[in-house]
Amino acid sequence: MSEIKLTNVVKRYGRVEVVHGINLEIAHNEFVVLVGPSGCGKSTTLRMIAGLEEISDGEIHIGDALVNDLPPRKRNISMVFQNYALYPHMSVRENLGFGLKIAKQSEAMIEERVGEAAEILGLSELMDRTPAELSGGQRQRVAMGRAIVRHPEAFLFDEPLSNLDAKLRVQMRTEIKKLHSKVKTTVVYVTHDQVEAMTLADRIVVMKDGYIEQVGTPMEVFNHPVNTFVASFIGSPPMNLIPARVESGKVKLADGASVPVPNRLADKVRDGQDVIFGLRPDDMTPEGHGINDTGQVATLELTVDLAELLGTETLLYTQLGGQDALGKMFDPRDVAAGETLRFRLSLDKAHLFDATSGKSVRL
Amino acid sequence: MARTKSPYKTRLALTPYLLLSPAFLVLIFVVALPLVFSLYTSFTGYRLVRPDTLWNWVGTRNYERIFADLDFWIAFGRTILFLAIALNLEFILGLGIALLINRITWGQRTLRTIMMFPMMFSPILVGYQFKFIFNDNIGVLNNALQSLGISDAATPWLVDRYLALGSIIFAEVWMSTSVFAILLLAGLFAMPRDPIEAARVDGCSPWQVFRHITLPFLMPFAFIAMTIRSLDVARAYDIVDVMTGGGPAGRTELLWTLIARVGYDNARMGQANAMAYVSIILSIAFTYYFFTKLVAARRYMGGAA
Ligand SMILES: Nc1ncnc2c1ncn2[C@@H]1O[C@H](COP(=O)(O)OP(=O)(O)OP(=O)(O)O)[C@@H](O)[C@H]1O
Ligand SMILES: [Mg+2]
C-alpha cells in the first residue's frame, strides 16, 4: 500500500518558515494535485515528500513507514522534474534503464521494463538518441518513462508541463491522465495552472503562502470554495467578488443595487453583516443567453463596457457594485460597447463570504 | 578600348595582402624558418662547435642512431611514465580539492585564489625549493622526519633512483595540481543540479551519483586540463634540471634533459634536433589523444557541457 501522510509538516529555510505545519492524507492510487500561486510552497512540499528537502518539523509517512530520515533512494518514489532533468550523457534507453541498473536488476528485466515504458509513451523510435537530440515534448516523455519503469510506490510531478507550448501541454495532460489509468499508482502533482489541476486531479489541494486553503474533489473546490482565495484561484475567468452588506434579506452592493440573499444561504448570514458576494461569469448572463439561469434568479440592468467574442460565448465586461465584473453571453449576438442589457444572476450558484475573514458563510 | 582595372580597384584588391603581410613575415621568420632549419639540421651531422658540419648531409643517420640508442628509449619511456603518474595524481588530487571547495559556502573565492599560488612561481624556483626540502643532509623533510622520530636515516630523496623521480613528480604535482582543481571547480559550478536530484530519487547513493552523473559531466573539463598539462609535462626540463640535473647517473633523465645534454653539452645539434622531432611527435600524440577524448565527451554531453 502506498498512501502518503503528512502530519504537521513544517519547512524552514534558516529562520524563514515557508511551509507552516500542513496536514494531508493521500490515498492509495489517488491522483492529488497541489495547486497555488508562485512561491506558495508546492515544490517545497513535494521535495520534502521526495526526500530532497529535509523536514524541519512534523512527520511524513509513505505506506506504513516514517520516512523523515530516509534518503530519497530508500523511499521508492519517482519524480518528474519541471525541466526534465534527463542524464545528458546517456541515451534515451540508458536514461530509462538507469534506475533499474542502479537497483541491480537483471538485463532481461531492464530490457522488458524499458521496452514496456517506451511502448506506453511512444518512445521506441528514439531509444538511441541523447536528450540533446530530442524536442521538449519528447524529453518530457522520457522523463515520465524514467519514472514509470521503476514501478514505484508513488509518482511525484513538479510542474512537468510548464515548459511545453500550449498545444503540447493539453496533449501531454491527457497522456498523463491516460497513463494514470493504465499504471495505477499514487500521484502527487504540482502545478500553478488551475486548469491542469481541475482536469487531472482526483483531489485538489489549494495552497497559499505555505498553508493549505482547501482540499477537495475538483467539483467541491469549484462549486464550494471555502474562501475568497480559492474562489478566485479556481475557475477561469475567475469568479466576480463584489463587496456588499446584508440588509433585511437583501445583499446590498456598494453602488446601491441589491439582490436577494440566496435562499440556501439565508440562515447563514445575519443582518448588517459585511460580506463579499461571489458569482462566476457563467452565472451572470443576459436574458435568453444563459445556461444556468433557472432556479432562484435576480435580474439587474447592467451596461456593457466591452464585449469579447470567443466563439461559442462572449465575455461581457461590466460594472457591478462599483467594481469591474465579468458576465458571459452564450449563443452570442453582437453587443455594442455601452449597450445596456438585462442580466440574470443565478443566485443558486452565488457565494457569500464573510468580508473580514474571507471565509464562506456556509462554514 | 580595352579597359584595364582602375588603379583604385587594384589597390583595393591588394589591401588584404598588404595588411596581412607583417603577420606572415613574423610567422615565417619566427616559426617557419627555425622549424625548417631545425628539421634540416636533424638530417645533418651538425655540431655546434663546428659550423661547417651544417652542410654535412647524413640522411636519416641521426634518426637511425637514436632509434637504436637505448638511453633515448629509456628517457622516452620515463617521460611517458612521468607524465602518466603526474597527470593521474594531479587529476585525483585536483578533483578532491575541487569537490571540497565546492562544498564550502564561505571563503570560496579566497581559497580559489590561494590555490593558484603554486602556479605563480617559476618552475626553477619551485625546483630549488624542493631541492632544499629533499636534500638528504640539510633538507627540511629529513630534519622533520628525524625530529619527529619517524626515521633517523638520512633518506637520499634526490639520489635514490626511485625516490628521485618520485621527488620530482611530487614537486611537479605540487606546482600544477591547481590547473586541474580550477578547471574541475569551474565544471562543478556549471553543473546542473537537476540530474543529480533525479539520480538520487532514481536510487543512487552519494557515491553512485558521483560515479554516474558528476564524473561524466566533469570529464570534458578534466580532458582540457590533461591536454594543457600533457604539453607542459612532456616538455619538462627546468624542474628536473634544477633538482637532479637528470642524475643520478641518468636515472631521472627525461626527453628534454637528454636533448639539452646532447645538443648543448655534447654539441651534437643534429642528433638533438632529431630527438626533439621525435618528442614533438609524442606531444602531438598526447594532445591529439586527449582532444579526441574531449570531443567525444562533449558530444556525449550534448548541449550540457
Ligand atoms: N533554498 C531556499 N532557501 C530559501 N528560501 C527558499 C528556498 N527554496 C524555496 N524558498 C522559498 O520557499 C517558498 C516556497 O517555494 P516553492 O519553490 O515551494 O514555491 P512554489 O509553490 O513551488 O512556487 P513556483 O510555482 O514558483 O514553483 C518561496 O517563498 C521561496 O522563496
Ligand atoms: Mg515550484
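The values are calculated or read from the model by the stated rules, or taken from the named source; none is laboratory data. These numbers come from a predicted model, not from an experiment. Note that each Cβ is placed from the backbone with ideal geometry, even for glycine, and that neighbours are counted across all protein chains shown.
Quick look at the numbers
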{"item": "Pick from the range B:208-238, criterion of a type in the set (A, V, I, L, M), more than 11 Å from chain A (Cβ to nearest Cβ) and over 17 Å from B:Val295 (Cα atoms), ranking: surrounded by the fewest Cβ atoms within 10 Å (Cβ to Cβ)", "result": "B:Leu231"}
{"item": "Subset of the range A:40-63 that is of a type outside the set (Gly, Ala, Ser) and in contact with a helix residue (DSSP H, G or I) (Cβ under 7 Å, 6 or more places away or on another chain) - its residue that is nearest to the other protein chains (Cβ to nearest Cβ)", "result": "A:Leu52"}
{"item": "Condition broken by A:Gly36, with the remaining ones in (1) in contact with a helix residue (DSSP H, G or I) (Cβ under 7 Å, 6 or more places away or on another chain); (2) within 14 Å of chain B (Cβ to nearest Cβ); (3) among the small types (Gly, Ala, Ser) satisfied", "result": "(2)"}
{"item": "Selection status of A:Val35, within 25 Å of the chain's Cα centre (by Cα), buried (at least 22 other Cβ atoms within 10 Å of the Cβ) and within 16 Å of ligand 1 (Cβ to nearest atom)", "result": "yes"}
{"item": "Residue satisfying all of: in the range A:157-174; surrounded by 18 or more Cβ atoms within 10 Å (Cβ to Cβ) and more than 14 Å from the chain's Cα centre (by Cα); farthest from ligand 1 (Cβ to nearest atom) among these", "result": "A:Met172"}
{"item": "Of all residues making up the range A:163-210, the number that are closer than 25 Å to A:Asn76 by Cα and either within 14 Å of chain B (Cβ to nearest Cβ) or within 16 Å of ligand 2 (Cβ to nearest atom) (or both)", "result": "6"}
{"item": "Every residue from the range A:22-47 that is under 17 Å from A:Phe81 (Cα atoms) and within 15 Å of ligand 2 (Cβ to nearest atom)", "result": "A:Val33, A:Leu34, A:Val35, A:Ser38, A:Gly39, A:Gly41, A:Lys42, A:Ser43, A:Thr44, A:Thr45, A:Leu46, A:Arg47"}
{"item": "Condition met for B:Phe290 (over 30 Å from A:Arg150 (Cα atoms) and within 14 Å of another protein chain (Cβ to nearest Cβ))", "result": "no"}
{"item": "Residues (over 18 Å from B:Ala198 (Cβ atoms) and not β-branched (Val, Ile, Thr)) located in the range A:45-92", "result": "A:Glu54, A:Ser56, A:Asp57, A:Gly58, A:Glu59, A:His61, A:Gly63, A:Asp64, A:Ala65, A:Leu66, A:Asn68, A:Asp69"}
{"item": "Selected residue (only one of B:Ser167, B:Ser151 is among the polar types (S, T, N, Q), in contact (Cβ under 8 Å) with a residue 12 or more places away in the chain and more than 14 Å from chain A (Cβ to nearest Cβ))", "result": "B:Ser167"}
{"item": "Residues within the range A:179-217 that are farther than 19 Å from A:Leu161 by Cβ, of a type in the set (S, T, N, Q) and touching a residue at least 24 places away in the same chain (Cβ under 8 Å), tallied", "result": "1"}
{"item": "Residues that are more than 19 Å from A:Val92 (Cα to Cα) and more than 10 Å from chain B (Cβ to nearest Cβ), drawn from the range A:146-157", "result": "A:Glu153, A:Ala154, A:Phe155, A:Phe157"}
{"item": "Of the criteria (1) within 14 Å of chain A (Cβ to nearest Cβ); (2) among the charged types (D, E, K, R); (3) touching a helix residue (DSSP H, G or I) at 6+ places or on another chain (Cβ under 9 Å), which one B:Arg251 fails", "result": "(1)"}
{"item": "Residues located in the range A:112-141, provided they are charged (D, E, K, R) and within 14 Å of another protein chain (Cβ to nearest Cβ)", "result": "A:Arg113, A:Asp128, A:Arg129, A:Glu133, A:Arg139"}
{"item": "Hey, A:Arg15 free of Cβ contacts under 8 Å to residues at least 40 places away in the same chain and either within 14 Å of chain B (Cβ to nearest Cβ) or away from ligand 1 (no atom under 15 Å from the Cβ) (or both) or not", "result": "no"}
{"item": "Hey, B:Ser205 surrounded by fewer than 16 Cβ atoms within 10 Å (Cβ to Cβ) and of a type in the set (S, T, N, Q) or not", "result": "yes"}
{"item": "Condition met for B:Arg261 (more than 14 Å from chain A (Cβ to nearest Cβ) and either outside any helix (DSSP H, G or I) or buried (at least 22 other Cβ atoms within 10 Å of the Cβ) (or both))", "result": "no"}
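Yes/no per residue for (1) under 24 Å from the mean Cα position of the chain (by Cα); (2) modelled with pLDDT of 95 or more; (3) surrounded by fewer than 22 Cβ atoms within 10 Å (Cβ to Cβ):
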| site | (1), (2), (3) |
| --- | --- |
| A:Ser232 | yes, no, yes |
| A:Val251 | no, no, no |
| A:Lys268 | no, no, yes |
| A:Asp274 | no, no, yes |
| A:Asp282 | yes, no, yes |
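Each row is one residue, and each column tells you yes or no for (1) among the hydrophobic types (A, V, I, L, M, F, W, C); (2) within 29 Å of the chain's Cα centre (by Cα); (3) facing another protein chain (nearest Cβ under 10 Å); (4) surrounded by 23 or more Cβ atoms within 10 Å (Cβ to Cβ).
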residue: A:Ala65; (1), (2), (3), (4): yes, yes, no, no
residue: A:Pro71; (1), (2), (3), (4): no, yes, yes, no
residue: A:Tyr84; (1), (2), (3), (4): no, yes, yes, yes
residue: A:Lys101; (1), (2), (3), (4): no, no, yes, no
